[in-house]
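The values are calculated or read from the model by the stated rules, or taken from the named source; none is laboratory data. Since the model is a prediction, treat every value here as computed from it, not as a measurement. Cβ sites come from the backbone with ideal geometry, for glycine too, and all protein chains shown count toward neighbours. Note: accessible area is taken over every heavy atom of the protein model, side chains too, but ligands, DNA and RNA are not part of it. Shrake-Rupley method; radii C 1.70, N 1.55, O 1.52, S 1.80 Å.
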Amino acid sequence: MKNNIKPCFLVAIALLLLSCNLPVSNIRPALLDGVVTAGSTAAVIASTTTPMNITIPPPPLEEANVITPTIVSSGEVASLTDIIDYDDTVEMLTLVNQARCQQGLLPVTSNSLLKGAATQHSLDMLSNSFFDHKGIDGGTVGERVAAQGYVWLAVGENLAAGSTSAEETFGLWWESPGHKANLLNPDFREADLSHLFRAGSQLGHYWTLVLANQGTTPPTCGEMGF
């Protein structure tokens, strides 16, 4: 039997700014090899999706939405007091659902368990200075979502770093085929976002969008005003 799991991929986009006030629509991204060096100001993106009917053994359940600071590479615990948690979920999901509804798809609704999984991974990447779908402990998006108590039928994840707004981040994902496929995946019914910032961190802003399906039926586009 053929394995239906699609390989994850990592792609980085460097943004060449010709002036400090250059609008995002005029930025021309250049594809790189995915290597992000310390001190880079590039906005980088990555996406992965786990297809339907793939079983990942869940790790022991953790209390939903409780995020514990991880250990940074220097051996110090990252303080939550110097991390800014931006609440961009409504803006991002509005952009996602506008696009989905224009394509005749059902919208996605927010879910606090997916928010917990997204925040856990953004914090992990920020605190430990890495950018990857695998956590510092080797965990995957499917395992992080399951650990929150969410029993998923399909799950996917889009990552970004360095971008500063929901509109810019959505634009980067929309221009990348893999990320766009996640945003428009008809199997997804719920989604939530984490956007964390820490001054002096490797990439500054870290974005994690988790999309999933646990068998629920979301409202229609009309019911949500799209």
Exercise for the section: Mind listing whichever residues of the stretch 111-124 are in a helix (DSSP H, G or I), more than 18 Å from residue 179 (Cα to Cα) and either over 14 Å from the mean Cα position of the chain (by Cα) or not hydroxyl-bearing (Ser, Thr, Tyr) (or both)? Expected result: 112, 113, 115, 116, 117, 120, 123, 124
Handout entry: Identity of the residue in the stretch 81-110, open to solvent by 70 Å² or more (accessible area, probe 1.4 Å), at pLDDT below 95 and within 20 Å of the chain's Cα centre (by Cα), that ends up farthest from residue 174 (Cα to Cα)
Key = 84
Exercise for the section: For residues that are among the small types (Gly, Ala, Ser) and more than 18 Å from residue 100 (Cα to Cα), scanning just the stretch 197-226, find the one that is surrounded by the most Cβ atoms within 10 Å (Cβ to Cβ). Expected result: 201
Problem - Single unsatisfied condition, residue 127 versus (1) under 14 Å from the mean Cα position of the chain (by Cα); (2) in a helix (DSSP H, G or I); (3) at pLDDT below 95; (4) not acidic (Asp, Glu) - result: (1)
Practice task
Evaluate the stretch 177-185: report whether one residue or more is in a loop (DSSP other than H, G, I, E, B), open to solvent by 20 Å² or more (accessible area, probe 1.4 Å), among the hydrophobic types (A, V, I, L, M, F, W, C) and modelled with pLDDT of 95 or more.
Solution key: yes
